[in-house]
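To start, the structure itself, in structure tokens.
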Amino acid sequence: MGEASMIGLGAMGSALARALRRDGHRVTVWNRTSAKADPLVRDGAVLAPSVAFAVAASPIVIVCVSDYTVTHSLLETQEVAPALAGRVLVQLSTGTPQEARDCEVWARERGADYLDGAIQATPSQVGRPDTTIFASGADAAFRRSEPLLTSLAGNVTYLGESVGSASALDLATLSYVFGAALGFFHGARICESEGLRVDAFGAMLAAIAPVIGEMIKHQGEVIHAGVYESPQASVSTCAGGLERIVQHAREAQINAEVPTFALGLFRQAMASGHGQEEAAALIKVLVGAPNHPRHLTAAAVRVFGIQRLASRRGRCA
Ligand code: NAP
């Protein structure tokens, strides 16, 4: 049986605390709105009267709040920060790789080990054997917290000591999920326009998810290899499909913004000469925006980097 403190009892934090209790761990909880702890206390968790009490109560301190700014506001106080020494701080709030790096520096300065994690599930999926959590950070931090993390997800994937990896992969996955969700919502309008059931559409997509996953895996391999010839589905074939979706939106008088946006990108790729290449060649038009650091001179990048570090140094957010 392990011991953990859970800071943050929103939808996700509560599910994490429940999963820990289910596996018999000793759990101390804290939340700004303390009433959310009531069901957990009835289930044997200890309610901490303050964040400092929660941090001091356990060797593993898990934080799951809205973002890293909230994390910082809760932990960077005179009472809490010193209590972190010797503990493992596990950050399960969603953030960016830079925020993870800053938080690791901040935690180490206070004598704590730091692990950054990203939950690939909704609250109702927490604790299942097929649920995934990405983790990155110091090996020692991972080894100390792994027995508790496996209560939260059967598939805990440690990505190594580069602490930004978990949030990078999390944001990449979220990008995929949100893109797919946009497509699904437009698809739902298509179904409605022809009297088809949207719940059946969702169920059908879940059933063919492995085949779609294979298609995505193939696109990743193409990008990794940099070989876009002999396409399974060319950029121009995909553009043709998108043109039909836009045409249908006009015919059915439904909103056409999602397919029109996607079609614009595929047309850009065609205009740049990639029409007969694999669909993955679309990545060639997704280069940095004009104000992105990669377009600045080396000197400007140095200044940018220095300014950004100065504004974040020593902060967990
Ligand atoms: P949520 O239900 O909105 O809960 C937010 C939590 O943050 C609550 O505990 C809330 O406290 C706390 N909080 C917000 N502002 C605060 C402040 N100023 N001071 C103190 N506490 C504050 O959100 P959630 O779904 O649990 O998500 C929590 C984190 O998990 C997010 O980073 C989210 O991206 C990540 N996540 C969520 C899911 C999901 O499906 N829900 C999946 C993966 C990752 P109160 O209860 O007092 O408001």
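Of all DSSP bridge pairs formed entirely within the range 1-134, close to 10 percent run antiparallel.
Extending 7 Å from Cα along the Cβ direction at E79 and again at R244 yields two label points whose distance is 6.4 nm. When the Gaussian network model of the chain links Cα atoms closer than 10 Å, the mean-square fluctuations of I190, I62, I133 top out at I190. In deg cm²/dmol, rounded to 500, what helix-only [θ] at 222 nm does the chain give when every DSSP H run of at least 4 residues adds -39500 (n - 2.57) and the total is split over its residues? After summing the helix terms and dividing by residue count, I get -16500 deg cm²/dmol. With r defined as the distance between the Cβ atoms of T69 and R108 and R0 fixed at 22 Å, what FRET efficiency is calculated, to the nearest 0.05? Efficiency computed from Cβ-Cβ geometry: 0.65. In the chain, excluding the sites themselves, the longest stretch lacking any of the GluC sites (Glu not before Pro) that are in a DSSP loop with at most 11 other Cβ atoms within 10 Å is 1-193. Axis angle, to the nearest 10 degrees, between helix 97-109 and the longest C-alpha principal axis of the chain: 10 degrees.
Rounded to the nearest 10 degrees, the inclination of helix 139-152 to the longest alpha-carbon principal axis of the chain is 80 degrees. Excluding the sites themselves, what is the longest stretch of the chain that contains no trypsin sites (Lys or Arg not before Pro) in a DSSP loop with at most 15 other C-beta atoms within 10 Å? Within the chain, the longest run free of exposed trypsin sites (Lys or Arg not before Pro) spans 33-196. For T28, the residues whose amide H sits under 5 Å from its own are A4, S5, M6, V46, ignoring neighbours fewer than 5 places away on the same chain, with H placed 1.01 Å from N. Each residue of the range 176-189 was assigned a 3J(HN,Hα) from its phi angle through the Karplus expression (A = 6.51, B = -1.76, C = 1.60, θ = phi - 60°), giving 5, 5, 5, x, 5, 5, 4, x, 5, 5, 5, x, 4, 5 Hz with x at Gly and Pro. Along the range 255-269 the Karplus relation, 6.51 cos²θ - 1.76 cosθ + 1.60 evaluated at θ = phi - 60°, assigns HN-Hα couplings of 4, 10, 4, 5, x, 5, 4, 5, 4, x, 5, 5, 5, 4, 4 Hz to successive residues, with x for each Gly and Pro.
Once the Cα-Cα distance is subtracted from the 0.36 nm per residue extended length, the T122 to A180 segment shows a gain of 19.2 nm. GNM on the chain, alpha-carbon springs under 10 angstrom: the most fluctuating residue among A203, A188, A153 is A203. Antiparallel beta bridges, as assigned by DSSP with both residues in the chain, represent about 20 percent of the total such bridges. How high is the FRET efficiency between R42 and V198 when r is their beta carbon distance and R₀ equals 35 Å, given to the nearest 0.05? That gives a FRET efficiency of 0.40.
Only alpha carbons enter this Debye calculation for the chain, each as an equal point scatterer, and the log10 of I(q)/I(0) it gives at q = 0.07, 0.16 Å⁻¹ is -0.38, -1.23.
The numbers here are math on the coordinates, done by the rules we state, and not lab data. Quantities reported herein were computed from a predicted structural model and do not represent experimental measurements. A quick note on method: Cβ atoms are made from the backbone with ideal geometry, for glycine too, and the neighbour counts reach across all protein chains shown.
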